[in-house]
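Some notes on the structure that comes next.
Each reported figure results from applying straightforward, stated rules to the coordinates on display, with no laboratory input. What you are looking at is a predicted structure, and each value in this text was computed from that prediction instead of being measured. Heads up, the Cβs are rebuilt from the backbone with ideal geometry, glycines too, and the neighbour counts pull from every protein chain shown.
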Amino acid sequence: MKIQWLGHSAFYISTDNHKLVIDPFMRDNPSCPLDPEDLEVDVICVTHGHNDHFGDTIELAQKNKALVVCNHEHSLYLTQLGLETTGMNMGGTIEAAGIKITMVNSIHSADMDFLDNTRPGGSSCGYILQLENGRKIYHAGDTGIFGDMKTVIKDIYQPDIALIPIGDRYTMGIREASIAAQWLEPEVIIPMHYNTFPPIEQDATQFKELVEKSTETKVAVLKPGETYQE
């Protein structure tokens, strides 16, 4: 299994059999080293409708004939464009391309601002991805720290790997994210949603030091384009 960080909150997760991308903000992402045409994907997961997350979803879905997993409101819109979608809501689980995908809460605004005329986009979310080998990846989406991390997500879903934002201003910052790490207790955390733009510049090594000093979790600080593999 490989988890490649594409910058911001975009991740490309590949196994021997399947390829999935989450929040494919690529072409307009100054930190992304790849273009959408560089990826082959089976499934696209979208956490919410802000352009820096929805990104190149439509282009990737059309090029790859990929399934888009998203909330109900996005699903209605994308279906009108002729795309294959599976709409979900909080707590639901589907299976797509051999991966079990559960939608979980996040705390964030979620209007569809990738459209010329911004329209309501339902709720923002995170995802629990359970791979064929049983390993679980938690993508938190854009979020502040919230109690479900300590109870529902940790106690019920028990993620092995967590992808969590540290950029502050629009999401939780380093202090709150380090507390979330204590609550979640994953084996590995990969920080995201930082250093893409000046308002969210952060020192990820500071986050790594805080987490590894207070927990048994290892923090894998990646540069955009780098891969965590196991």
Task: Pair Thr93, Glu40: separation of 7 Å Cα→Cβ label points (nm) - done: 3.0
Task: Sites Arg175 and Lys218, calculated FRET efficiency, Cβ-Cβ separation with R0 22 Å, nearest 0.05 - done: 0.70
Open item on the list: Taking 8 Å as the Cα distance limit and 6 or more residues as the minimum spacing, I'd like the relative contact order of the range 65-205 as a percentage.
Closed with: 15
Task: Distant-in-sequence amide H partners of Ile145 (H built 1.01 Å from N, under 5 Å) - done: Met172
- [ ] Extending each Cα 7 Å along its Cβ direction at Asp28 and Gln229, get the distance between those two points in nm, one decimal.
- [x] 3.4
TODO: Please give every one of the lysines within straight-line cross-link reach of Lys19, meaning a C-alpha to C-alpha distance under 21 Å, and leave out same-chain neighbours fewer than 8 residues apart.
DONE: Lys2, Lys63, Lys65, Lys100, Lys136, Lys223
Task: Selection from Leu39, Tyr228, Val21 lying farthest towards where the dipole of the chain points positive, charges on Cβ - done: Tyr228
Task: Length gained when the stretch Val152-Thr205 is fully extended (0.36 nm per residue, less Cα-Cα span) - done: 16.3 nm
- [ ] Give the calculated FRET efficiency between Glu185 and Asn51 to the nearest 0.05, with a Förster radius of 45 Å applied to their Cβ-Cβ distance.
- [x] 0.85
TODO: Of the DSSP beta bridges with both residues in the range 116-230, give the percent that are antiparallel, rounding to the nearest 5.
DONE: 30
Open item on the list: Please give me the summed charge of the neighbours of Met112: other residues whose Cβ is under 12 Å from its Cβ, Lys and Arg +1, Asp and Glu -1.
Closed with: -3
Task: Summed residue charge, Cβ within 14 Å of Gly82's Cβ, Lys/Arg positive, Asp/Glu negative - done: 0
- [ ] Quick one: net charge around Gly167, please, counting Lys, Arg +1 and Asp, Glu -1 for every other residue with C-beta under 13 Å from its C-beta.
- [x] -4
- [ ] Would you list the P(r) distribution for the range 47-147, with all Cα-Cα distances sorted into 5 Å bins from 0 and each bin expressed as a whole %?
- [x] 2, 13, 22, 26, 21, 11, 4, 1, 0
TODO: Only loop residues by DSSP count here, and only those with at most 16 other Cβ atoms within 10 Å; note down the trypsin sites (Lys or Arg not before Pro) in the range 110-200 that meet that.
DONE: Arg135, Lys150, Arg169
- [ ] Mind checking the full-extension length gain between Asn133 and Met1? Use 0.36 nm per residue of separation minus the Cα-Cα distance, one decimal, nm.
- [x] 46.6 nm
Task: Over the chain: helical MRE at 222 nm, DSSP H runs n ≥ 4 each giving -39500 (n - 2.57), nearest 500 - done: -5000 deg cm²/dmol
Open item on the list: Rounded, prolate or oblate for the chain? Axes are the square roots of the Cα gyration tensor eigenvalues, ordered a ≥ b ≥ c, and the cut-off for rounded is a/c under 1.5.
Closed with: rounded
